[in-house]
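Enquirer: Handing you this structure, nothing more for now.
The values are calculated or read from the model by the stated rules, or taken from the named source; none is laboratory data. Every value quoted in this text rests on a predicted model; they were computed, and no experiment measured them. Don't worry about glycine lacking a Cβ; one is built from the backbone with ideal geometry, like all the others, and counts go over all protein chains shown.
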Amino acid sequence: MAIKDSLYTSIASSLAKDGYIVLTNFLPSQIMQQLYDHVIALPNESFHQARVGSKNNLQLNNKVRNDKSLWLCKKHPIEKNYLAIMEECRIQLNKRLFLGIQHFEAHFSYYKTGSFYQRHIDSFQGQSHRIVSSVFYLNPDWSDDNGGELILYEPDSDNILCTIRPHFGTMVLFLSEEFPHEVLPTKYDRYSIAGWFHTDNITD
């Protein structure tokens, strides 16, 4: 088991109380290294320009975001392993919080130098099946002055709730409908896995 049972309890408790949690060294070092080695070995043409909007109205808008993405699938062993870990997380969150989550999806996010994602929200209330958002960082030796921070804002506010630097092995989980957030411009290539827990098997 990649994650200890006590960690699931901490995640559930924080989501119930605060709506978010930031964890360091979320996975064993061997798994983190495998994911990093895998993502940096992927050809650049594998990544596609990320879009904004809902499933039926996706658009390119480089003024809002200019990162690239590649969806994880179960065909590759390393990607399959990560998805299996998050599937167990889905089961454990349902067990503790009764969220009715039925599906998890994720993609690699690649922010090349200068890339950003302006303030947005992952799930508009009552209009999406996204319940919990996740971001897992794959950036060894990331310096605090390299930029690329994730900024979480207080709900319905411009007040900054939390600033998360994309250090290797850091995992962020938060309620999708509650927290506006943005990614500040990065000064170096930045990798992560963005994921969402859904209440059904239909992806957004």
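Enquirer: Would you say Ala16 is assigned to a helix (DSSP H, G or I), in contact (Cβ under 8 Å) with a residue 12 or more places away in the chain and of a type in the set (Gly, Ala, Ser)? Spell out the reasoning first.
Expert: On the way: assigned to a helix (DSSP H, G or I): yes; in contact (Cβ under 8 Å) with a residue 12 or more places away in the chain: yes; of a type in the set (Gly, Ala, Ser): yes.
Yes: the conditions hold for Ala16.
Enquirer: What pairs come out if I take residues in region 143-159 that are within 11 Å of Phe116 (Cα to Cα) and pair them with residues that are of a type in the set (Ser, Thr, Tyr) whose C-beta lies under 7 Å away, six or more apart or interchain?
Expert: Note: pairs meeting the criteria are Gly147/Thr186; Gly148/Tyr111; Gly148/Thr186; Glu149/Thr163.
Enquirer: Under the condition of being touching a residue at least 40 places away in the same chain (Cβ under 8 Å) and charged (D, E, K, R), which residue from region 61-94 is surrounded by the fewest Cβ atoms within 10 Å (Cβ to Cβ)?
Expert: Lys63
Enquirer: Taking Ser115 as meeting all but one of (1) over 25 Å from Pro140 (Cα atoms); (2) of a type outside the set (A, V, I, L, M); (3) in contact (Cβ under 8 Å) with a residue 40 or more places away in the chain, write down the number of the exception.
Expert: Condition not satisfied by Ser115: (1).
Enquirer: Restricted to region 95-113, and to residues that are more than 17 Å from Arg130 (Cα to Cα) and polar (S, T, N, Q), which residue is surrounded by the fewest Cβ atoms within 10 Å (Cβ to Cβ)?
Expert: Thr113
Enquirer: So which strands (runs of 3 or more DSSP E) are wholly in region 116-186 and hold at least 1 residues that are crowded, with 19+ Cβ neighbours inside 10 Å and among the polar types (S, T, N, Q)?
Expert: Values: elements: 117-120, 130-137, 150-153, 160-164, 171-175, 181-183.
Qualifying strands (runs of 3 or more DSSP E): 130-137.
Enquirer: In region 39-60, which residues are surrounded by fewer than 15 Cβ atoms within 10 Å (Cβ to Cβ), part of a loop (DSSP other than H, G, I, E, B) and either modelled with pLDDT of 95 or more or not small (Gly, Ala, Ser) (or both)?
Expert: Leu42, Pro43, Arg51, Lys55, Asn56, Asn57, Leu58, Leu60
Enquirer: Is it fair to say Ile21 is modelled with pLDDT under 95 and surrounded by 15 or more Cβ atoms within 10 Å (Cβ to Cβ)?
Expert: no
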